[in-house]
Amino acid sequence: MANSSYLYRPTWAEVDLSAIQCNFRQIKKFFPAVRVIAVVKADAYGHGMREVARLLDQEEVDAFGVSNIHEGILLREQKIKRPILIFQSTLPPCERMIVKYGLTPTICQIDFAKTLNAYARTKKRQIPIHIKVDTGMGRLGVWYGQAVDFIKEVSHLEYLHTQAIYTHFPSADCDRDFTQNQIREFSQLRKRLEKEGLPIPYVHVANSMGIMGYQTQLDFVRPGIILYGLSPKPGARFKMKLKPALTVKSMVVFLKRIAKGRSVSYGRTFIADKDLLIATIPVGYNDGYWRCLSNKAFVLVGGRRCPVVGRVTMDQLMIDVTNVKNVRLGTEVVLLGRQGKQEISADELAALANTINYEIVCCLGNRLPRVYKV
């Protein structure tokens, strides 16, 4: 970040693109015969969809996975020509944008399939589709017991080409038996389709946890959180060594010595039990640093862990830097990431906030200006 930028916004996110590249290459190394759909939805989990997609495009990823048509269009506007799979179910008149931008929709409603087919006919365009099968997620998809009839009906729509079917794991990180049963049901579905004369070119099931924790990768894998160096199951040991790509930094903008007995921030939830040196940092819940981290979380200053004291406010938080030497205005503060030998991980913040690392990086990464490191 240029020096002048520090003055305008002294809180920012640094994204290490080389870490994402390393994580992607590890996936390819572990599964050389499997195609990869890189999941870049939610602005690449807060890391920047455009920049991450350009990197992975150069790495010759097979396809991209996004949440909705808007995200797909953004990638096309970045000159991304590789297949882009839309995970969400879509509604009319979205068929026009699907055809115009050459996107691959997820199909799980016959009415929309017919609408898309009719519009594709007017443009004389064959549209590749992926059919979502629900094997237990309960969110989107045709229930697997009804999938053969559904796929058979879709197969009669001449301008739609069923390129793949896929399913999703809701509890691969916590219920191995249920997940294994999903894999079995899905494999049986593929066999039934073959017997019905409806062979499907590709099938895919494995999200990040499916990749890391199971042996069933099938034709595609769909890495999401592991691309960005975070574990889909914090604390679990995997063969693949991931490199976190996101660091969130700020600066000290104010220093104040407070006497024993004085309070800090709203609600006076922190009362000093001795004389302290308190630093104010220009980041708050408006920036994705959650209020529930008040009086719980730590940041790094001078390579030391410093506690957040008092309630996190909308745009600022306060930390105790009494035990850090040479703190000045402008001293760097790490809210997420490494500094020296210390680290504040997304898993640590997630545990304190009673959430998951996905939500931490999406909130922090999406709301802050980003600096990209190669």
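A few points about this structure:
- When the square roots of the Cα gyration tensor eigenvalues are ordered a ≥ b ≥ c, the ratio a/c for the range 31-228 is 1.5 or more and a/b does not exceed b/c, which makes its shape oblate.
- C-alpha center-to-center spacing [the range 186-243, the range 41-62] in angstrom: 19
- Ordering E359, E332 by the number of other Cβ atoms within 10 Å of each residue's own Cβ, fewest first, gives E332, E359.
- Estimated at 0.36 nm per residue, the fully extended path between A236 and K124 surpasses their Cα-Cα distance by 35.3 nm.
- Per-peptide packing, taken as the mean over residues of other Cβ atoms within 10 Å, places 315-323, 14-22 in the sequence 315-323, 14-22 from highest down.
- Ranking I271, V312, V253 by how far each Cα lies toward the positive end of the dipole of the range 198-334 (charges on Cβ) leaves I271 at the top.
- Counting DSSP beta bridges with both ends in the chain, the antiparallel % (nearest 5): 50
- E343 versus Q146: modelled label distance in nm, points set 7 Å from Cα along the beta carbon direction: 4.6
- Note: relative contact order over the chain, using C-alpha pairs below 8 Å and six or more positions apart, is 18 percent.
- FRET efficiency estimate (nearest 0.05) - Cβ-Cβ, R25 to K373, R0 22 angstrom: 0.80
- Student exercise, the range 31-228 dipole from Lys, Arg, Asp, Glu Cβ charges, in Debye to nearest 20: 640
- Two-site label geometry, L277 and L91: point separation in nm, points 7 Å out along Cα→Cβ: 5.7
- Estimated inter-spin distance, E77 and Q163, nm [label 7 Å along Cα→Cβ]: 2.2
- Sum of -39500 (n - 2.57) over DSSP H runs of 4+, divided by residues of the chain (222 nm, nearest 500): -9500 deg cm²/dmol
- Q180/R54 FRET efficiency (R0 51 Å; Cβ-Cβ; nearest 0.05): 0.85
- Among H168, H47, the ranking by other beta carbons within 10 Å of each residue's beta carbon, starting with the fewest, stands as H168, H47.
- In degrees, nearest ten, helix 176-195 long axis to first principal axis of the chain (Cα): 30
- Global geometry of the range 265-343, whether rounded, prolate or oblate, following the gyration tensor of its Cα atoms and the 1.5 cut on a/c: oblate
- Counting every other Cβ atom within 10 Å of each residue's Cβ, Y159, Y202 order from fewest to most as Y202, Y159.
We did not get these values from a lab; they are worked out from the coordinates using the rules stated. What you see is a predicted model; the values in this text were computed from it and never measured. A quick note on method: Cβ atoms are made from the backbone with ideal geometry, for glycine too, and the neighbour counts reach across all protein chains shown.
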